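Presented below is the structure to which this report refers.
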Amino acid sequence: MRILVTGGAGFLGSHLIDRLMEQGHEVICLDNFFTGTKRNILKWIGNPYFELIRHDITEPIRLEADQIYHLACPASPVHYQYNPVKTIKTNVLGTMNMLGLAKRIKARFFLASTSEVYGDPDVHPQTEDYRGNVNCIGVRSCYDEGKRVAETLAFDYHRQNRVDIRVVRIFNTYGPRMLENDGRVVSNFIVQALRGIPLTVYGDGSQTRSFCYVSDLVEGFIRLMNSDQTGPINIGNPGEYTILELAQKIQNMINPDAEIQFKPLPEDDPKQRQPDITRAKTYLNWEPTIPLDQGLELTVKDFRERIYNS
């Protein structure tokens with residue numbers, strides 16, 4: 001198949017492209033390199049089945065493809081809050097452009113949505129029918145509300161124009177190729193421990209997250225795209241850890257003498273996050289296979305190589 005991946009040079013996009021190329025598909029990677037990097041897809045450049053286009057999806061584009069994986073959007077607070085107007089434009093105009101393209105070329109459309117649509121949840125764990133608790137004027141809303149609108153658009157195009165859609169809600173994901181300045185907790189702790197500076201824990205560290213290794217997530221993507229489920233479907237690891245537990249794990253792995261520093265909690269930071277993955281198990285026969293310790297070791301190895309060789 002010809003498969004278009006928006007945000008294909010990013011952390012998740014590049015891992016997805018690796019899998020699609022290995023399966024023998026023809027892949028078009030679309031990226032404006034705001035948070036993506038050519039290094040992530042270097043090994044495919046020059047391959048006759050791979051095409052790289054530098055493009056900003058807030059502008060329309062005409063291409064041919066059988067499937068569209070729409071992943072383009074900065075996903076960590078540091079990056080999406082840097083230019084919030086651009087973030088919401090990417091989520092709204094970018095998604096409209098890609099849905100319009102899917103409608104014209106009759107491609108199946110996959111939307112990478114997020115657990116952020118649940119906001120700071122008062123239901124735990126979060127099921128797909130939970131409608132969320134989001135602050136629509138907060139500093140995170142360019143992303144949270146942007147993704148909620150993206151889901152709305154996908155379902156409206158599906159109902160009105162019969163676009164064949166798949167919607168996934170991604171929970172915290174980690175692994176090799178995360179940006180060093182990503183600003184998310186796994187990369188923050190690893191970089192801090194490797195550089196010998198104190199690990200920053202916000203609040204008292206009792207807030208929880210669930211961490212899914214990137215290869216498990218990509219497997220979930222591909223299963224959903226090629227299933228008959230529209231979604232939304234949660235893809236994430238239901239193993240729940242406090243932020244302090246995560247800091248201590250990484251501290252012990254890299255530098256047991258590293259300090260842990262506590263700082264005030266950022267605005268609208270969710271207190272807990274844990275996916276209910278019943279739908280993924282039932283309809284996609286999917287569940288995560290890589291335990292946190294194993295995934296962290298692979299991630300630390302990748303960061304170590306990048307930081308010490310840069």
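The values are calculated or read from the model by the stated rules, or taken from the named source; none is laboratory data. Here the structure is a predicted model, which is why all the values come from computation and not from measurement. Heavy atoms of the whole protein, side chains included, go into the accessibility calculation; ligands, DNA and RNA do not. Shrake-Rupley method; radii C 1.70, N 1.55, O 1.52, S 1.80 Å.
Working with all protein chains in place, sort ARG184, ARG273 by solvent-accessible area computed with a 1.4 Å probe, largest first. Mind showing how you got there, number by number?
On the way: ARG184 65, ARG273 0 Å².
Ranked list, largest accessible area first: ARG184, ARG273.
Beta bridges from DSSP with both residues in the chain: antiparallel share about 10 percent, rounded to the nearest 5.
Relative to the longest principal axis of the Cα atoms of the chain, the long axis of helix 11-22 lies at roughly 50 degrees. Solvent-accessible surface (1.4 Å probe) assigned to PHE155 amounts to roughly 40 Å². Compute a Gaussian network model of the chain, connecting alpha carbons closer than 10 Å, and tell me which residue from PHE33, PHE11, PHE171 fluctuates the most. Among PHE33, PHE11, PHE171, the largest GNM mean-square fluctuation belongs to PHE33.
Shape summary of region 1-149, radius of gyration then Dmax from alpha carbon positions: 15.8, 49 Å.
Accessible surface of VAL191, taken over heavy atoms with a 1.4 Å probe and every protein chain present, rounds to 10 Å². Once both axes come from the Cα atoms, what is the angle between helix 292-309 and the longest principal axis of the chain, in degrees from 0 to 90, rounded to 10? It works out to around 90 degrees.
Solvent-accessible area of LYS38, all protein chains in place: 100 Å² (probe radius 1.4 Å, heavy atoms, ligands and nucleic acids excluded). Largest accessible area first, the residues ARG148, ARG209, ARG54, ARG131 order themselves as ARG131, ARG54, ARG148, ARG209 under a 1.4 Å probe with ligands, DNA and RNA left out.
To one decimal place, what Kirkwood hydrodynamic radius in Å is obtained for region 43-100 from all pairs of distinct Cα atoms?
Values: mean 1/r = 0.0767 Å⁻¹.
About 13.0 Å, per the Kirkwood formula over Cα pairs.
The C-alpha atoms of the chain define a longest principal axis, and helix 185-195 lies at about 50 degrees to it. Across region 58-146, the relative contact order, built from alpha-carbon pairs under 8 Å that are at least six residues apart, equals 36 percent.
Summarising the amide proton neighbourhood of GLY119: residues at separation of 5 or more, or on other chains, whose placed amide H is nearer than 5 Å comprise ASN133. Quick one: in the chain, what % of C-alpha pairs are over 26 Å apart? Summing the P(r) tail past 26 Å for the chain gives 43 percent.
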